[in-house]
Structure formats: structure tokens, C-alpha cells
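Quick notes on the structure that follows.
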Amino acid sequence: MDLSKAARDELVARAQAVRSNAHCPYSGFAVGAALLADSGKIYAGANCESASFGGTICAERAALTAAVSAGERHFTALAVAAGDRPVSPCGICRQLLAEFGEMIVLCAAGEGAGFRITTLSALLPDAFVKF
Ligand code: THU
């Protein structure tokens with residue numbers, strides 16, 4: 001698994017940009033995610049909160065369901081961006097992403113060029129997957 005610097009930077013920039021579309025009136029915490037499919041297309045998603053808090057959809061799952069709805073099933077990398085320092089995907093998002101196998105994960109802050117690089121299997125070792 002490898003991703004060029006240009007591709008990493010673009011994915012992080014797309015995750016940061018889509019934060020402006022977040023619906024987060026309860027937390028005020030705008031999260032953006034961008035998912036690079038093997039097709040080369042990027043699917044972006046922002047968090048969408050619910051007054052019934054449990055109904056909230058994270059940015060990563062918003063990006064993933066957009067990609068899956070477009071017919072994508074194989075992914076190279078995910079970028080997630082929010083807050084003052086790099087954030088990483090929550091447990092529920094890790095589990096849903098694991099449905100589609102290994103990928104690079106870029107964890108960024110809401111603004112700025114720096115990010116941390118990891119993998120989904122490092123974030124969710126020994127995952128429960130297809131049975
Ligand atoms: N959130 C995400 O979008 N992704 C994560 O991985 C963690 C949390 C959202 C959910 C909620 O709208 C806000 O961040 C605060 O938890």
C-alpha cells in the first residue's frame with residue numbers, strides 16, 4: 001500500500017474542505033472525511049448530527065456510504081479532519097470501514113498541512129469481518 005505525497009495532500013485537503021458542510025449544531029465539532037476509491041474517485045462526507053443524538057452519522061460513514069452507493073467496493077485511503085489536532089476515526093466507523101478491507105488512514109486537524117499516517121488494521125486489529 002502506497003500513496004504519493006500529492007495524493008495524500010489532496011485527500012487531506014478534500015477532508016478539510018468538506019467540513020464546511022457539516023451539520024453539527026449540538027457539538028459544534030465539524031468533521032470531514034475523504035475516501036479514495038481504487039477507481040481513482042474521491043468521495044467526501046461530513047458529519048450530520050441528530051437532535052436524537054444516537055442518530056448522528058460521522059463524516060467517515062457519510063463518505064463511505066456515498067462511495068458504496070456509487071458502486072465502489074475497494075478503497076486505497078481515507079482522510080479524516082477535524083479540530084485543533086489530528087483526529088482518528090471512532091470505533092463504529094473503523095468497524096464499518098473494515099467491511100471493505102485494508103486501507104491507509106490519514107488523520108488530520110481541521111486546518112493545516114500536517115497529518116498522521118496509519119492503517120485501518122493498525123486502528124482496528126483482529127477485526128470481526130465477513131463470516
Ligand atoms: N465524529 C465524526 O464525524 N467522526 C468521528 O470519527 C468521531 C466523531 C462526529 C460525530 C459528532 O457529530 C461530532 O463528531 C462530535 O462527536
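The values are calculated or read from the model by the stated rules, or taken from the named source; none is laboratory data. Remember, it's a predicted structure, so these values are computed and weren't measured experimentally. Here the Cβ positions follow ideal geometry from the backbone for every residue, glycine too, while neighbour counts run over all protein chains shown. Each accessible area value is taken on the protein alone, full model and side chains, heavy atoms only, with ligands, DNA and RNA left out. Shrake-Rupley method; radii C 1.70, N 1.55, O 1.52, S 1.80 Å.
Numerical summary
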| quantity | calculated |
| --- | --- |
| Pick from the stretch 22-61, criterion open to solvent by 20 Å² or more (accessible area, probe 1.4 Å) and polar (S, T, N, Q), ranking: nearest to residue 86 (Cα to Cα) | 27 |
| Top-ranked residue in the stretch 105-131 [being touching a residue at least 40 places away in the same chain (Cβ under 8 Å) and small (Gly, Ala, Ser); ranked as most open to solvent (accessible area, probe 1.4 Å)] | 113 |
| Some residue of the stretch 4-21 being charged (D, E, K, R), open to solvent by less than 70 Å² (accessible area, probe 1.4 Å) and either touching a strand residue (DSSP E or B) at 6+ places or on another chain (Cβ under 7 Å) or within 15 Å of the ligand (Cβ to nearest atom) (or both) | yes |
| Residue match in the stretch 115-123 (condition: at pLDDT below 95 and out of contact with any Cys (no Cβ under 7 Å at 6 or more places or on another chain)) | no |
